[in-house]
Each structure stands twice: as structure tokens, then as C-alpha cells.
1. Looking at this structure, is D71 more than 21 Å from S48 (Cβ to Cβ), out of contact with any helix residue (DSSP H, G or I) (no Cβ under 8 Å at 6 or more places or on another chain) and of a type in the set (D, E, K, R)?
2. Among the residues in segment 95-108, are any at pLDDT 90 or above and over 25 Å from K27 (Cβ atoms)?
3. Would you list the strands (runs of 3 or more DSSP E) that sit entirely within segment 92-135 and hold 1 or more residues that are in contact (Cβ under 8 Å) with a residue 40 or more places away in the chain, at negative phi and of a type in the set (S, T, Y)?
4. Filter segment 76-91 for residues that are free of Cβ contacts under 8 Å to residues at least 40 places away in the same chain and buried (at least 16 other Cβ atoms within 10 Å of the Cβ); which is farthest from the chain's Cα centre (by Cα)?
5. Name the residue that is farthest from Y116 (Cα to Cα), counting only residues in segment 41-72 that are in contact (Cβ under 8 Å) with a residue 60 or more places away in the chain and assigned to a loop (DSSP other than H, G, I, E, B).
6. Restricting attention to segment 108-130, which residues are farther than 11 Å from I90 by Cα and not hydrophobic (A, V, I, L, M, F, W, C)?
7. How many of the residues in segment 34-58 are under 14 Å from the mean Cα position of the chain (by Cα) and buried (at least 18 other Cβ atoms within 10 Å of the Cβ)?
Amino acid sequence: MNKILLTIFVMFLFPLLASSEETKIQKPSPGDIWQLETRSSRLSNSGSEVLYYLPNDAYNTYRARKFNDWDEFSIVDSRDIEKLNTGYKIQLLEEKFNSKVFKVKLLDGMNKDRNYFMIAEELQRNYKFMENINE
């Protein structure tokens, strides 16, 4: 009886282990191109993905989210952000603040080829890896 239960357990566990190996997370590095996948619109007042003009704005927003202290850390003027549409592509240029913020180049839209800053956590959550131009 124990052998049967063990066999059934292994049969259900094996596909889970195999699938976890296939879905390796791409480690962001300079030169990578990522595309925004989540629903976002430049015209929306809320729920849009944004890029920041200043690195400190991105880092302060990251800290406010991490420590849940919105009064002290994060005061960002809405004129200091760039709202994105779904499908926009960005290229990573460099890491800042101990890899918590990335300097990126916007590859689509009205302000393409300008440099901005983004929170690193948003990259894995909302963007899809496309290619690395350095390879």
C-alpha cells in the first residue's frame, strides 16, 4: 500500500519539478530589451506603468512600497513620470541603487530614445524579456 501511495506521489510531483526547470527567470542585465505586457495606457489616470525622469524618484517609490511609508519617502510630481502603453519596449542601460533601480532607454512612443529610470521589481512582474543586443 505504501509503495502505491509513493508511486502516485512521485507521479504528481515529477511534472511539477520538470516544469519549474523550464521556467527559468531571466536575470536582467544591461543591453536587454524588455516589452511591457500588462495593461497600461498613457491616457489612464491610474493603473498605468510609468518610468521616472529622476533616479531618486524611482528609488524613493521603491522604498515607500517596501516599508509602506508613503508620507516620508515618495513624493513624485506627475510631470516627472512617463506613462507607458502596453507593448512599449525598453532597453536596460545600467543598474543603480544596488540593483533596485534601472536606467532604461525607451524604444517606442513619442519620447523614444530618451533615458528614464524604473523600479527593478516591476521589470520581472510586468515586462517580458525579448532579446539581448550585446550577444
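1. Considered against the rule, which asks whether it is more than 21 Å from S48 (Cβ to Cβ), out of contact with any helix residue (DSSP H, G or I) (no Cβ under 8 Å at 6 or more places or on another chain) and of a type in the set (D, E, K, R), D71 comes out as yes.
2. Checking segment 95-108: not a single residue is at pLDDT 90 or above and over 25 Å from K27 (Cβ atoms).
3. 115-119, 127-132
4. Ranking the candidates gives V76 first.
5. Step by step, filter segment 41-72, then rank; the result is R42.
6. Keep residues of segment 108-130 that are farther than 11 Å from I90 by Cα, which gives 110-111, 119-122, 124-126.
Residues satisfying the conditions are N111, E121, E122, Q124, R125, N126.
7. Residues that pass the stated criteria total 9.
The values are calculated or read from the model by the stated rules, or taken from the named source; none is laboratory data. Keep in mind it's a predicted model, so treat the numbers as computed, not measured. As a convention, Cβ positions derive from the backbone with ideal geometry for all residues, glycine included, and neighbour counts pool all protein chains shown.
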